[in-house]
Amino acid sequence: MILRKLIGLSVISLVSLVMFYLSRFWIFKWWSRKGLFEIDSIKPSGGLLGHWLAGTPFQPFELLIWAGGVFLLLTFLQKLFQKFDS
């Protein structure tokens, strides 16, 4: 029971960290300017969603798209954990 809760908390924390990295609010620079594992598309400044939406008509709605995606992903994970918990 406790192990399931710890695994669930770890998964939610990791997903939240990734979603935070995709947003424009990422302020940390934990790796070099070359990118994580020398991959240029994983830049240290975060904000990948804005970079992906640049040049599209959806770019002004970046924050709304990010918030909706976070809500949907966390809701899906909650339903998934509830299914496995019962």
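Using the Karplus curve 6.51 cos²θ - 1.76 cosθ + 1.60 with θ = phi - 60°, work out ³J(HN,Hα) for each residue of region 20-33 in order, rounded to whole Hz, and write x for Gly and Pro.
These are the phi-based 3J(HN,Hα) values: 5, 5, 5, 7, 7, 8, 5, 10, 8, 10, 8, 9, 6, 5 Hz.
In what sequence, highest mean first, do 73-83, 45-55 appear when ranked by Cβ atoms within 10 angstrom? Kindly include the intermediate steps, with their values, before the conclusion.
On the way: 73-83: 11.9, 45-55: 15.2.
In decreasing order of mean packing, 73-83, 45-55 become 45-55, 73-83.
Could you tell me the accessible area of R4 in Å² (1.4 Å probe, neighbours in place), rounded to the nearest ten?
140 Å²
Please get the size of the charge dipole for the chain, origin at its Cα centre, with Cβ charges of +1 on Lys and Arg and -1 on Asp and Glu, quoted in debye to the nearest 20. Show your work: numbers first, answer last.
Details: 9 positive and 4 negative charges, 39 e Å.
About 180 debye.
Ignoring ligands and nucleic acids, what accessible area does M1 show with a 1.4 Å probe (Å², nearest 10)?
My reading of the accessible area for M1 is about 140 Å².
Could you tell me which residue out of A67, F84, G50 lies farthest along the dipole of the chain toward its positive end? Charges go on the beta carbon: Lys and Arg +1, Asp and Glu -1, centred on the Cα centre.
F84
Mind ordering 7-15, 58-66 by average Cβ neighbours within 10 Å, highest first?
Peptide ranking by packing, descending: 58-66, 7-15.
Principal axis lengths of the chain from Cα atoms, whole Å, largest first?
45, 31, 18
The values are calculated or read from the model by the stated rules, or taken from the named source; none is laboratory data. These numbers were taken from a predicted model, which means no experiment stands behind them. Glycine also receives a Cβ, built like all others from the backbone with ideal geometry; neighbour counts cover every protein chain displayed. Note: accessible area is taken over every heavy atom of the protein model, side chains too, but ligands, DNA and RNA are not part of it. Shrake-Rupley method; radii C 1.70, N 1.55, O 1.52, S 1.80 Å.
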